[in-house]
Each structure stands twice: as C-alpha cells, then as structure tokens.
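A.B. asks: Got a structure for you, written out below as structure tokens; questions coming shortly.
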Amino acid sequence: MTTSPQVPDILSPEFAADPYTAYRLMRAHAPLVHHEPTRSWIVSRYEDVERVFKDKASEFTTENYDWQIEPVHGRTILQLGGREHAVRRALVAPAFRGRELEETFVPVIERNARELIDAFRDKGEADLVDAFATRFPVNVIADMLGLDKADHARFHGWYTSVIAFLGNLAGDPDVAAAGERTRTEFAEYMIPVIRERRNAPGDDLLSTLCAAEVDGVRMSDEDIKAFCSLLLAAGGETTDKAVAALFANLLAHPEQLAAVREDRTLIDRAFAETLRLTPPVHMIMRQAAVDVTVSGGTIPAGATVTCLIGSANRDGARYADPDTFNLFRDDLATTHAFSAAADHLAFALGRHFCVGALLARAEVRIGVNQLLDAMPDVRLAEGATVTEHGVFTRGPRSLPVVFTPVR
C-alpha cells in the first residue's frame, strides 16, 4: 500500500482485527490511497464517500458491478443507469414500501420472528447470532418470495458464498469459483419456480415481480432471478449483521438498552446509530467516469473507487464523539435515516440507495421488539466477549446471552 507505514493495509490481519484504528489513521494521513493489490483508489472521509455516492455530477458510476457482482448474480438493477434503472426500480420498489410492505409483509416478518424465538424463549439462554440473526432475514425473504423455508440451509450457503465472492479482495481463486458456481445453482433452483409463478401466480412477492409492468416493460425470468439472488444476499447478510450488532451495542450500554426497553420508539434510533457506528457493509465500490479530484488527489477516469463506509461513518468532521454508541446523539437524524436523504452512509445514497432499507427497518423493529418481550432481563452470558469479524462485511460471529424466561 502506498501510504505511511503506520496505516495497516486493508488486506492485513492487523486491519481485519481492528479496522477502526486504521480508518482513523487513513482519514488523518491518507484520505486518498491507491491500493495496488485491489487495483482501486480508497476514500475514507465522510465528505468524499458522500460525494461518490450522491454522484450529482455523474462523476461516478456502478459500471464496476459488471465484474464485481454480475458473475454471481447476473445483471442486476445495481448496474443500470438512466431510464433503464428508473424503470427497473419502479418495478420492484413498491413491494418494499408503503401499504404493500405494511399489509403484506409485516405479518410475514412477525411470524418468522415469533417462530425463531419460540425455539429458545423457554431455555433462558441463546446465541442470538446462530439462533436468530442469521436465520431471521433469510427466512423472511424466502417467505416473502413464496419459497420453501425448508431450503434455508441452501439459501444461507448461497448468500454466504456470494458475500465471500464480493469481499474477495485478495483474489482467492477458490472463493471466486465457489461464487460463480452459486450463480448456476441458484438459477437452476429459481428459474423453474419463476416459470411456475407466471403460470399460476399467488400472493407472494415473486408472483408480484412476475406480473409487474411499467411503461410496457416487464421483467424477464433472468431479471427476476438476478433480483432474487441480490435480495437474498444483500437482505440476508446486512440485516443478519445489523440485528446482531444492534444487540451487541445495546448490551454494551445497559442504560441505553433500558431506555429502548422502556420506549420502543427508540428502536429506530438504536438501529440508525448501529448503522453508523458498526455498519454491516464496510466497503462499497464505484467507478470514476472522469478524472475526479478528492482530498487533494486525483482519481483517474475508469478507476475503481473503494468507499470505506465503516470509516466515513466515524469521521469526527461529521459526527461528535464518533467512536461512541449514543442513540441519543443529535447529529444523526432518525426521521430520514432509512431514506435516500440519510445522514449515515450504510445504505449508500442517491439513486442507488438501498431499495430494501424500509424492509430492513421493519425487520429490525419487529425482531427487536419480540426479542425484548421474550428476554426481559437479557444480558451477556458470563465470561462471554463479543468480537466483530469480517472486512468487506463485518459483524459479531457469536452473541451468547442469558435471560429469565417469561412465564
């Protein structure tokens, strides 16, 4: 890495163990870095990452997704621009907001949360990662799509393989091959199901996608398969880690946990602050369309830009006391934390803002509410320590808790 030796390389074990110290050093001493191993330019300050995501001057594109995600998902909405992107987003977005989300999918979320919690609510102990977080969003998405939840292990294996492919910064050929196999396996699973729904639609999201039409445009079988693949990977991995991180943060701050337990409207604030402090996704890439000057240096046209969300969200130039979890902070607005006008950068910004942000909020609201009801005095198991794992995506690998069962 062409920086001061005091800044750990993003591929180093030191960085993986503690990226936050590295982020702090990068923002201060190397806010724009050319990283040869990943052939990308790294930006770490809030103002620079925000600029890349908002892309008001068409300086940055998502053309990097042609090689970054198409090999595992197929061509997705993330790669599209202009009218093509607008039409595709209009086809899928209604299912993830407003009345359809509330009336159709909130009951699905409630049922899946309850089913998972029922398996441990009487035991007085659980690993919230294994027993709940890793299962909850995948089960919800499978249920929304009308897929068989008995295939959970396959879905989880697929999205784990996809996320590993996306985070394969070191270029491990085995990881790349596994990701590409997943595209084939998922297509073999999904395409027949999509064709069945076209012939015999139900009241599930997959049937809605099959029937959706905007300006005479409908989604092809391949379009729908790619979107479902993206939904499982992005929706599974991110909400999985967000739920675990939110509870880890609250358990580390008992007074804030008590406040949320007393006033459940604070769940949104706790979620937004978790997305800021410990986001599930730490890196998102874009591509420079033209030569762009940021933080005193120039990114050349055509170059890949690695945006360090995990760093930008802790930038002291944007947030007071940025390394502290504080759901009551006044420099993070909850009212638009789950919209394209969000202050934090965990969902990106602009036209490529995460289409599933409101679904994630609904999942977290419902899941956390039910967990708090089932575990009135939840606390970390004796001797347990919570550590984050991951570089591209990051979150607790285990979260063992104990509680007094509600009788």
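A.B. asks: Condition (residue is among the hydroxyl-bearing types (Ser, Thr, Tyr), open to solvent by 30 Å² or more (accessible area, probe 1.4 Å) and in contact with a Ser or Thr (Cβ under 8 Å, 6 or more places away or on another chain)) applied to the range 258-277: is it met by at least one residue?
C.D. replies: No: the range 258-277 contains no residue that is among the hydroxyl-bearing types (Ser, Thr, Tyr), open to solvent by 30 Å² or more (accessible area, probe 1.4 Å) and in contact with a Ser or Thr (Cβ under 8 Å, 6 or more places away or on another chain).
A.B. asks: Quick one: in the range 219-232, of everything that is without any contact (Cβ under 8 Å) to a residue 60 or more places away in the chain and in contact with a helix residue (DSSP H, G or I) (Cβ under 9 Å, 6 or more places away or on another chain), which residue is least open to solvent (accessible area, probe 1.4 Å)?
C.D. replies: Of everything passing the filter in the range 219-232, ILE224 is least open to solvent (accessible area, probe 1.4 Å).
A.B. asks: Follow-up. Select from the range 200-218 the residues that are aliphatic (A, V, I, L, M) and open to solvent by 40 Å² or more (accessible area, probe 1.4 Å) and list them in ascending order.
C.D. replies: Hits for the range 200-218 are ALA200, ALA211, VAL217.
A.B. asks: Kindly indicate whether any position in the range 73-88 is open to solvent by 50 Å² or more (accessible area, probe 1.4 Å) and at pLDDT 75 or above.
C.D. replies: Checked the range 73-88: no residue is open to solvent by 50 Å² or more (accessible area, probe 1.4 Å) and at pLDDT 75 or above.
A.B. asks: Right, another one. Within the range 240-253, how many residues turn out to be more than 26 Å from GLY157 (Cα to Cα) and touching a Lys or Arg at 6+ places or on another chain (Cβ under 8 Å)?
C.D. replies: 1
A.B. asks: So, one more: Specify the residue that is farthest from ASN168 (Cα to Cα); the eligible residues are those in the range 35-55 that are touching a helix residue (DSSP H, G or I) at 6+ places or on another chain (Cβ under 8 Å) and outside any helix (DSSP H, G or I).
C.D. replies: Checked the range 35-55; the qualifying residue farthest from ASN168 (Cα to Cα) is ASP55.
A.B. asks: Can you name the number of the only condition in (1) open to solvent by 20 Å² or more (accessible area, probe 1.4 Å); (2) in a strand (DSSP E or B); (3) touching a residue at least 24 places away in the same chain (Cβ under 8 Å); (4) not aliphatic (A, V, I, L, M) that PHE328 fails?
C.D. replies: (2)
A.B. asks: Now, a different point. Only one of these conditions is not met by ALA362: (1) open to solvent by 30 Å² or more (accessible area, probe 1.4 Å); (2) out of contact with any Lys or Arg (no Cβ under 8 Å at 6 or more places or on another chain). Which number is it?
C.D. replies: All conditions are met except number (1).
A.B. asks: Is one or more of the residues making up the range 374-394 surrounded by 17 or more Cβ atoms within 10 Å (Cβ to Cβ) and hydroxyl-bearing (Ser, Thr, Tyr)?
C.D. replies: yes
A.B. asks: Can you pull out every residue in the range 372-389 that is closer than 15 Å to LEU277 by Cα and part of a loop (DSSP other than H, G, I, E, B)?
C.D. replies: THR387
A.B. asks: Among the residues of the range 140-176, count how many are among the acidic types (Asp, Glu) and either under 22 Å from GLU102 (Cα atoms) or buried (at least 22 other Cβ atoms within 10 Å of the Cβ) (or both).
C.D. replies: Counting residues in the range 140-176 that are among the acidic types (Asp, Glu) and either under 22 Å from GLU102 (Cα atoms) or buried (at least 22 other Cβ atoms within 10 Å of the Cβ) (or both) gives 1.
A.B. asks: Looking only at the range 177-208, how many residues end up being of a type outside the set (Lys, Arg), in contact with a helix residue (DSSP H, G or I) (Cβ under 8 Å, 6 or more places away or on another chain) and in a helix (DSSP H, G or I)?
C.D. replies: Qualifying residue count, the range 177-208: 16.
A.B. asks: Name the single residue, out of those in the range 66-75 being touching a residue at least 60 places away in the same chain (Cβ under 8 Å) and either touching a strand residue (DSSP E or B) at 6+ places or on another chain (Cβ under 7 Å) or not in a loop (DSSP other than H, G, I, E, B) (or both), that is nearest to GLY235 (Cα to Cα).
C.D. replies: HIS73
A.B. asks: Among the residues in the range 349-372, are any free of Cβ contacts under 8 Å to residues at least 60 places away in the same chain, of a type in the set (Asp, Glu) and within 16 Å of PHE247 (Cα to Cα)?
C.D. replies: No, every residue in the range 349-372 fails to be free of Cβ contacts under 8 Å to residues at least 60 places away in the same chain, of a type in the set (Asp, Glu) and within 16 Å of PHE247 (Cα to Cα).
A.B. asks: Please enumerate the residues belonging to the range 334-385 that are closer than 19 Å to ALA312 by Cα and of a type outside the set (A, V, I, L, M, F, W, C).
C.D. replies: Scanning the range 334-385 gives THR334, HIS336, SER339, ASP343, HIS344, GLY350, HIS352.
A.B. asks: Please tell me if ALA212 is in contact with a His (Cβ under 9 Å, 6 or more places away or on another chain) and either farther than 21 Å from ARG75 by Cβ or modelled with pLDDT under 85 (or both).
C.D. replies: When the stated conditions are applied, ALA212 does not pass them.
A.B. asks: Would a scan of the range 234-243 turn up a residue that is of a type in the set (Ser, Thr, Tyr), open to solvent by less than 10 Å² (accessible area, probe 1.4 Å), on the phi < 0 side of the Ramachandran plot and assigned to a helix (DSSP H, G or I)?
C.D. replies: Checking the range 234-243: at least one residue is of a type in the set (Ser, Thr, Tyr), open to solvent by less than 10 Å² (accessible area, probe 1.4 Å), on the phi < 0 side of the Ramachandran plot and assigned to a helix (DSSP H, G or I).
A.B. asks: In the range 116-139, what count of residues is obtained for those that are touching a residue at least 60 places away in the same chain (Cβ under 8 Å), open to solvent by 30 Å² or more (accessible area, probe 1.4 Å) and within 23 Å of the chain's Cα centre (by Cα)?
C.D. replies: 2
A.B. asks: Looking at ALA301, ALA289, ALA317, which one is surrounded by fewer than 19 Cβ atoms within 10 Å (Cβ to Cβ) and out of contact with any strand residue (DSSP E or B) (no Cβ under 8 Å at 6 or more places or on another chain)?
C.D. replies: ALA317
The values are calculated or read from the model by the stated rules, or taken from the named source; none is laboratory data. Everything numeric in this text was worked out from a predicted model, so none of it was measured. Note: ideal-geometry Cβ built from the backbone for every residue, glycine included; neighbour counts use all protein chains shown. Just so you know, the surface numbers come from the protein's heavy atoms only, side chains and all, with ligands and any DNA or RNA stripped out. Shrake-Rupley method; radii C 1.70, N 1.55, O 1.52, S 1.80 Å.
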